[in-house]
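The numbers here are math on the coordinates, done by the rules we state, and not lab data. Since the model is a prediction, treat every value here as computed from it, not as a measurement. Note: ideal-geometry Cβ built from the backbone for every residue, glycine included; neighbour counts use all protein chains shown.
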Amino acid sequence: MTSTSPRTTTIPQPPAESPARADVYARLSSALAFPDSTLRERVGADEWPAEIAAELAGLPYRLRTHDLAWSVPDGYDEMQSEYIRIFQIGGRRGPPCPLHEGHYTRDRGYTLQHVLRFYNYFNFHPAEGVMPDHASVELEFMSHLAGGAVSDRLSLLRAQRDFLKSHLPWLSALAERVAQSDPPRFYSSLVKLTARLVAADQPFIEQKLGGYRDA
């Protein structure tokens with residue numbers, strides 16, 4: 001009687017890096033930072049809308065965009081003023097739509113510590129002068145991970161899953177607040193798109209992790 005060896009099954013490892021996702025996260029990150037004249041010029045000249053449309057087309061899933069519009073205030077000074085009004089200046093309770101995650105959690109100190117642990121572990125260094133829980137920084141970190149921050153694919157996928165779950169759900173609340181603050185169409189569309197990206201990215205990463213045992 002001939003004995004046979006048990007057959008082993010190899011589960012293919014899906015890629016953890018995604019250039020299209022990294023590009024979209026990077027673009028949204030830069031757009032949620034304090035606006036500069038270059039951003040105003042590119043959006044006003046229809047360069048920015050065309051570029052982001054091309055990047056969105058490369059995503060591994062579709063995002064609803066038919067209700068978005070990228071019109072901006074007439075001038076750079078007005079765009080700055082609107083950004084300040086919506087995201088930075090407010091009454092005793094702060095701005096109507098703060099861009100810092102910690103304003104949407106019970107303990108901002110813990111939030112900051114937890115975010116920094118992610119950044120330090122994956123050798124991510126935010127720009128000086130910006131709080132680590134700012135939306136632009138957190139989205140830049142996701143771009144860092146999606147672009148292949150380390151060679152260990154499983155670690156990258158786990159990090160993206162955990163960061164999406166732990167630190168980006170607040171963006172949906174931000175989008176709701178912005179919608180109630182009479183914003184320029186550019187910022188209304190920007191936060192809507194950001195919230196939709198995060199919502200679509202979570203199941204996408206979970207699906208990728210399904211290709212690993214003990215993920």
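As I understand it, the value is the acute angle between the Cα axis of helix 185-209 and the longest principal axis of the Cα atoms of the chain; what does it come to in degrees, rounded to 10?
Rounded to the nearest ten degrees, it is 10.
If I fit a long axis through the Cα atoms of helix 108-121 and take the longest principal axis of the Cα atoms of the chain, what angle between them do I get, 0 to 90°, rounded to 10?
Computed tilt is about 50 degrees.
Helix 153-167: angle to the longest alpha-carbon principal axis of the chain, degrees 0 to 90, nearest 10?
For helix 153-167, the angle is close to 40 degrees.
Could you work out the helix-only [θ] at 222 nm for the chain, with each DSSP H run of four or more residues adding -39,500 (n - 2.57) and the total divided by the number of residues, to the nearest 500 deg cm²/dmol?
Only helices count here, giving -17000 deg cm²/dmol.
List M79, M142, M131 from most exposed to least, where exposure is judged by having the fewest other Cβ atoms within 10 Å.
By the 10 Å Cβ count, ascending: M131, M79, M142.
With Rg and Dmax of the Cα atoms in Å in mind, check [x] 16.4, 51; [y] 17.8, 54; [z] 19.6, 86 and report the label derived from this structure.
[z]
State the percent of C-alpha pairs, over all pairs in region 72-164, separated by a distance greater than 20 angstrom.
Tail fraction, whole percent: 46.
Given charges of +1 on the Cβ of Lys and Arg and -1 on the Cβ of Asp and Glu, with all other atoms neutral, how large is the dipole of the chain about its Cα centre, in debye to the nearest 20?
With Lys and Arg at +1 and Asp and Glu at -1, about 940 debye.
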